[in-house]
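The values are calculated or read from the model by the stated rules, or taken from the named source; none is laboratory data. The structure displayed is predicted, hence computed values, not measured ones. Cβ: placed from backbone, ideal geometry, glycine included. Neighbour counts: every protein chain shown.
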Amino acid sequence: MNKANYHCFTLAEREEISRLLAKDKTFTDIGKILSRHKSAILREVNRDEMSINTYRAHKAHWHAIKQKRKQGRKRKVDKNKELKQFVFDKLKLRWSPYQIAKELKYRYPDNESMRISHEAIYNYIYVLPRGSLKKELLSYLRQQKKYRRKRSAQPKTEEKRGQIPEMISIEERPKEVADRIIPGHWEGDLILGKYKRSALGTIVERTTRTVILVPLANKDAVSVRKSFAREMKKLPNQMKLSLTYDQGKEMTEHKLFTKDTKIKVYFAHPGSPWERGTNENTNGLIRQFFPKGTDFAKVSRRKIKWAQNLLNGRPRKSLNWRKPYEVFNKLINQVAIET
């Protein structure tokens, strides 16, 4: 008896099985009458949590049809090759399913076949059977835990005070910086590597959310100052207004940094990461590429800039689902036209 026969019970056959069971016929007897193997009858009677006492023909038939439809139904991603390719390509760029869904709506406003919800993308990935494809797609998903700087039990307010000479408090920063009215104001920080022996510099522009990742040979003040200056001197003049930083020792040479770049540095209050909220949130996104325990001394500049380009090429909710590079370049072009 082949497997196909088990899946081809008709409603009439199921009604006959129900009647024969009521007459206390055995599975062997029913199999002979219907020309079926007794094991096929056994599987049929016990399907969908039914039993010899609860088997009902119409209920069994309905469940069989429902199961057949389910098995034959393809998910939207599998039915549309263009959609599937788009989703896979963006996942490889570390876009979140939510970003992908929004980008599809923006790029294909009149094409319903190129629409899919972020929930459907997540479901597609998680229902895949175990294998290389599922493992690959899961590796592209963003980690949920946000990066947080490790704090000691004792407050370090007094310890940090006086370590940075002539620092300018965030309280003196112009109001338009907090309001994000004028672009060109940045927030900076370090992401520490394995055993805190290496680090990666992170800078993000408050208005456009443009990210600059700064490779660092060392995390001392001189290395940080020179590396940050090297990256920020490449910016257009109108985008070099200020940098808000925490009171880390690596920024003790802020006056030389300002002299070299013309960018004024403001310092947040100790233990107040919300004063650099854009940078803190961005650090969480960066950890998707460089998780805790990464030895940045072994990460090439090429890989760091690859991550930077991916971050700036992803649509952001705070930008009405536009990409940081798009918003940044648009602002630059507008200024060029006005001048």
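Would you confirm whether any residue within the range 265-273 is without any contact (Cβ under 8 Å) to a residue 60 or more places away in the chain and in contact with a helix residue (DSSP H, G or I) (Cβ under 8 Å, 6 or more places away or on another chain)?
no
Given the condition within 20 Å of Lys219 (Cα to Cα), in contact with a strand residue (DSSP E or B) (Cβ under 9 Å, 6 or more places away or on another chain) and at pLDDT below 95, answer yes or no: does some residue in the range 308-318 qualify?
no
Just one of (1) farther than 24 Å from Ala178 by Cβ; (2) among the polar types (S, T, N, Q); (3) in contact (Cβ under 8 Å) with a residue 60 or more places away in the chain trips up Asn309, so point out which.
(3)
Could you check, for the range 114-123, whether at least one of its residues is modelled with pLDDT under 85 and either in a helix (DSSP H, G or I) or farther than 22 Å from Leu319 by Cα (or both)?
Yes.
In the range 308-339, which residues are hydrophobic (A, V, I, L, M, F, W, C) and under 25 Å from Leu241 (Cβ atoms)?
Leu311, Leu319, Val327, Phe328, Leu331, Ile332, Val335, Ala336, Ile337
Can you name the residue in the range 210-263 that is closer than 18 Å to Pro324 by Cα and among the charged types (D, E, K, R) and is also surrounded by the fewest Cβ atoms within 10 Å (Cβ to Cβ) among such residues?
Lys234
Condition first: closer than 17 Å to Arg276 by Cβ and outside any helix (DSSP H, G or I). Now tell me which residues in the range 246-261 satisfy that.
Asp246, Gln247, Gly248
Report the residue count in the range 43-80 for those that are surrounded by fewer than 16 Cβ atoms within 10 Å (Cβ to Cβ), aliphatic (A, V, I, L, M) and at pLDDT 80 or above.
So the count comes out to 2.
Condition first: crowded, with 18+ Cβ neighbours inside 10 Å and either assigned to a helix (DSSP H, G or I) or among the β-branched types (Val, Ile, Thr) (or both). Now tell me which residues in the range 279-298 satisfy that.
Asn279, Glu280, Thr282, Asn283, Leu285, Ile286, Phe296
Condition test on Arg276, is it modelled with pLDDT of 95 or more and more than 17 Å from the chain's Cα centre (by Cα)?
No; evaluated as a whole, the condition is false for this residue.
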